[in-house]
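Student: Take a look at this one; I'll ask things after.
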Amino acid sequence: MAAARSQSRPIEALGKPIGRRTMLGILGLGALGVVFGQGIQKAISTALKAAGGSGVAEVLPGAGGFVLYTVTGGYPAAPHDYSLKVDGLVDRPLALSVRELEGLPHTALSRTFQCVTGWSVEDVHWVGVRLIDLAQHAGMKDGASAFELASFDGVYTESLTVEQARQSGALVAYSMLGAPLTRDHGGPVRLYVPGMFGYKSIKWLSRITLTDHAGPGFWEVRGYPMNAWIEGHPPASAA
Ligand SMILES: Nc1nc2c(c(=O)[nH]1)N[C@H]1C(S)=C(S)[C@@H](COP(=O)(O)O)O[C@H]1N2
Ligand SMILES: [Mo]
């Protein structure tokens, strides 16, 4: 399909100039058309409507070049008894408060954040616990080969294979841009997947389930490629 073909082309060539143009930055759809074709544009507006969003409030320009996304028409507040669940194929299911998560060995890194619609932000600093480390902390079983990820927005989902989590160094992040993760960016806890398009980086992360199969996430059901590597494959430098 067309998506798979364009996926192998680095999006930077398209993304830089387009991302700076305000209208496209807000709607993101023009650039998306270039990359994935008409079908996905339609899928997006249909999906946003079906999810109950107003259609434009979902994609607001944020600070520092980010475009803030939500498919539920708002930025959900974490329940006051928020905990991050890690369950499924593990020996020790976890329910971690943010403080407990912050107490685990952490990783910090800076990378370009890139949305498939064309905008990107360079040198974004993240701190969090590597997804793979968290899985091991929970006693990931032998048969576990994928992560199913859920958001407390109640709608958004994503998935990642265990191999992709290793290769990317995906972070369960609680700090972004030198400060605790803000609510609009998915606080208190979101995923950040280096080397993959932004849609993999699920916001308002509430549950990580180890499974034996990576199913399609919210956007993947609606046509985004399961292969979200920005260059179509893991960067050569990936672990
Ligand atoms: N829960 C949730 N996570 C999400 C999204 C969303 O709509 N809802 N959008 C994704 C997409 S497409 C992108 S590009 C990034 C955007 O991150 P930002 O809103 O912090 O800019 O979040 C990703 N994670
Ligand atoms: Mo995105």
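Every number here is computed from the coordinates shown, using simple stated rules; none is lab data. Small disclaimer: the values here were computed from a predicted structure and weren't measured. Virtual Cβ from ideal backbone geometry, glycine too; neighbours counted across all protein chains shown.
Student: Enumerate the amide H contacts of VAL90 below 5 Å, restricted to partners 5 or more residues apart or on another chain; note that Pro and chain-start residues carry no placed amide H.
Tutor: So VAL90 has HN proximity to LYS141.
Student: May I pose another question? By the scheme Lys and Arg +1, Asp and Glu -1, what is the net charge of all other residues having a beta-carbon under 12 Å from that of PRO180?
Tutor: Neighbour charge sum, excluding PRO180 itself: +2.
Student: Excluding residues on the same chain fewer than 8 positions from LYS85, give the aspartates and glutamates whose Cα lies under 19 Å from its Cα.
Tutor: Partners within reach: GLU100, GLU102, ASP133, GLU148, ASP153, GLU158, ASP212.
Student: Sort the following peptides by mean Cβ neighbour count (other Cβ atoms within 10 Å, averaged over residues), highest first: 131-142, 163-174.
Tutor: For the peptides 131-142, 163-174, the packing ranking is 163-174, 131-142.
Student: Collect residues whose amide H, placed 1.01 Å from N in the peptide plane, falls under 5 Å from the amide H of ARG130; neighbours closer than 5 in sequence don't count.
Tutor: Counting only residues 5 or more places away or on other chains, the set is THR107, VAL172.
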